[in-house]
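In what follows, a structure is listed as structure tokens, so that the remarks can point back to it.
The values are calculated or read from the model by the stated rules, or taken from the named source; none is laboratory data. Owing to the predicted nature of the structure, the values given are computational and were not obtained by experimental measurement. Cβ atoms come from the backbone with ideal geometry, glycine included; neighbour counts cover every protein chain shown. With ligands, DNA and RNA removed, areas are computed over all heavy atoms of the protein, side chains included. Shrake-Rupley method; radii C 1.70, N 1.55, O 1.52, S 1.80 Å.
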Amino acid sequence: MALLVQKFGGTSVGSIERIEAVAERVIKARQCGHQVVVVLSAMAGETNRLLGLAKQIDAIPTPRELDVLLAAGEQVSIALLAMALNKRGYSAVSLTADQVVIHTDNNFNNATIHEVETQHMTTLLGQDNIVVVAGFQGRDIDGNVTTLGRGGSDTTAVAIASALKADECQIFTDVDGVYSTDPRIVPSATRLDVIHFDYMTCMARLGAKVLQLQSVEYACQHRVPLRVLSSFEEGEGTLVNFDVMSNQNIIGVALQRQQVLVNITLPATVLNEQLGLYGLTAWNLSTNSSDDISQIVISNDDLARLRLVFDSKMRHIGMVSILSLIGKDIQQHLECIQMVLREAGIIVHTYQGDKKCLSLLINEDDHLAAVDLIHEKFVVDGQCLGNLSHLAVS
Ligand code: ADP
Ligand code: ASP
Ligand code: MG
């Protein structure tokens, strides 16, 4: 008998039919003799709907109240799944984060889990229940509701798996594993059977939203066995672990869309300090720290908050995308990558990276052509090649 934590995302619980299908899936694991803790997201579109309601009232809603609102989405799906399991003769108990208890800091809208109490869940499991926990939410030291940032149910699942010392944390989603790039954008993307935690961290940080970055970091730090699977079909999915040896140079390509290029009338050092103070993450393009004007790239989602801080000092320049390649000693291929893009008429404004990743700033309009081309040339054609320089002329 194993103890499994199974997390199902928004699309996987997007309708009553889907919730019934999830119930069947969970029962299968029970019938194999496993104990199961299920973690759920809100039904597809629900968190956005709630966010939309809040924004009709205020473009930047009070963070505490926003969390009270957004946490409601997950409470609906856990109750519905518990009902579906009960109807099928399996006792199931739904729990909010406050009932578990999942302790977080008080950084509303983007809280960090500090501790997950296990006693309540362990007692329920011992009484033969399936435990169904609301993802994405927590409570701070004062009893306030907090949420963990978009996609945060992944992190709830990993944190629970870690606290309960589960045998595996299984993230069920609408694709059957982690791919070399988003399979919804590039149909020729290939599924990875295994991926090393280091590369998965890079993929998640650079836009592969199949796993929330914090969940990968948490799993890596606490050594939680992590697997990504489809909730729609059977299969082994992708295992994220520490022992993978890959002879492939380039593991994957990730894309961050809806990025904004902004000029701010402040020297880079002052600006960086201010950004950090307000918890804003940006790619600062300024090379000369004494210049009066800095140029940054920031997610469109953060633009309203940026305006709130810098207001008249900022000027919106245009929309861009960040295309990233993830793999071994990736910088050595920079020239070749730039050449391939240049030949296709795609401008690389600038780049940054380290040994495991290389990020290129391109125009928003070029993102589809660029990801397709780079994936084809460097992941599909470039497999197992030590030197990829010939690809630019092929
Ligand atoms: P869930 O609602 O189950 O949490 P998400 O929408 O957060 O699902 O994540 C799954 C989506 O991640 C997929 O539908 C896919 O479009 C996207 N994705 C982006 N990059 C990758 C990748 N490298 N491999 C697999 N899926 C990816
Ligand atoms: N419901 C939240 C979101 O849409 C959390 C999650 O799905 O993981 O971001
Ligand atoms: Mg997700």
*Just one of (1) away from ligand 2 (no atom under 15 Å from the Cβ); (2) more than 14 Å from the chain's Cα centre (by Cα) trips up Val178, so point out which.*
(2)
*Working only within region 299-357, note down all residues that are assigned to a loop (DSSP other than H, G, I, E, B), among the basic types (Lys, Arg) and over 29 Å from Leu271 (Cα atoms).*
Lys328
*From the list Asn110, Asn106, which one is assigned to a loop (DSSP other than H, G, I, E, B), touching a strand residue (DSSP E or B) at 6+ places or on another chain (Cβ under 7 Å), more than 14 Å from ligand 1 (Cβ to nearest atom) and not β-branched (Val, Ile, Thr)?*
Asn106
*Restricted to region 358-377, and to residues that are in a strand (DSSP E or B) and not hydrophobic (A, V, I, L, M, F, W, C), which residue is nearest to Leu334 (Cα to Cα)?*
Ser359
*asked:* Which numbered condition in (1) in contact with a helix residue (DSSP H, G or I) (Cβ under 8 Å, 6 or more places away or on another chain); (2) within 16 Å of ligand 3 (Cβ to nearest atom) is the only one that Ser230 fails?
replied: (1)
*Give me a count of the residues in region 187-210 that are part of a helix (DSSP H, G or I) and either within 8 Å of ligand 1 (Cβ to nearest atom) or among the hydrophobic types (A, V, I, L, M, F, W, C) (or both).*
5
*Could you list all residues from region 342-353 that are open to solvent by less than 70 Å² (accessible area, probe 1.4 Å) and within 17 Å of Gly252 (Cα to Cα)?*
Gly353
*Within region 255-296, track down each residue that is farther than 12 Å from Val309 by Cα, among the hydrophobic types (A, V, I, L, M, F, W, C) and touching a residue at least 40 places away in the same chain (Cβ under 8 Å).*
Leu255, Val260, Leu261, Val262, Leu266, Trp283, Leu285
*asked:* From the list Ala29, Ala71, Ala82, exactly one residue is in contact with a strand residue (DSSP E or B) (Cβ under 8 Å, 6 or more places away or on another chain), under 16 Å from Phe136 (Cα atoms) and of a type in the set (Gly, Ala, Ser). Which is it?
replied: Ala71
_Could you tell me how many of the residues in region 219-238 are under 16 Å from the mean Cα position of the chain (by Cα) and either open to solvent by 40 Å² or more (accessible area, probe 1.4 Å) or free of Cβ contacts under 8 Å to residues at least 12 places away in the same chain (or both)?_
1
*For Arg184, which of the numbered conditions (1) touching a helix residue (DSSP H, G or I) at 6+ places or on another chain (Cβ under 9 Å); (2) within 9 Å of ligand 1 (Cβ to nearest atom) fails to hold?*
(1)
*Has region 36-50 got at least one residue that is farther than 27 Å from Ala219 by Cα, surrounded by 18 or more Cβ atoms within 10 Å (Cβ to Cβ) and away from ligand 2 (no atom under 14 Å from the Cβ)?*
no
*If you go through region 91-99 one residue at a time, do you hit one that is part of a loop (DSSP other than H, G, I, E, B) and open to solvent by 30 Å² or more (accessible area, probe 1.4 Å)?*
yes
*Can you work out which of the residues in region 177-194 that are open to solvent by 40 Å² or more (accessible area, probe 1.4 Å) and in contact (Cβ under 8 Å) with a residue 24 or more places away in the chain is nearest to ligand 3 (Cβ to nearest atom)?*
Asp182
*Is it true that some residue in region 53-74 is in contact with a Pro (Cβ under 9 Å, 6 or more places away or on another chain), within 16 Å of ligand 1 (Cβ to nearest atom) and open to solvent by 10 Å² or more (accessible area, probe 1.4 Å)?*
no
*Take region 280-329 and flag every residue that is among the aliphatic types (A, V, I, L, M) and more than 29 Å from Gly252 (Cα to Cα).*
Ile293, Ala304, Leu306, Leu308, Val309, Met314, Ile317
*Give region 139-159 a look and list any residue that's more than 11 Å from ligand 3 (Cβ to nearest atom) and either touching a Cys at 6+ places or on another chain (Cβ under 8 Å) or under 17 Å from Thr11 (Cα atoms) (or both), or say none.*
Val158
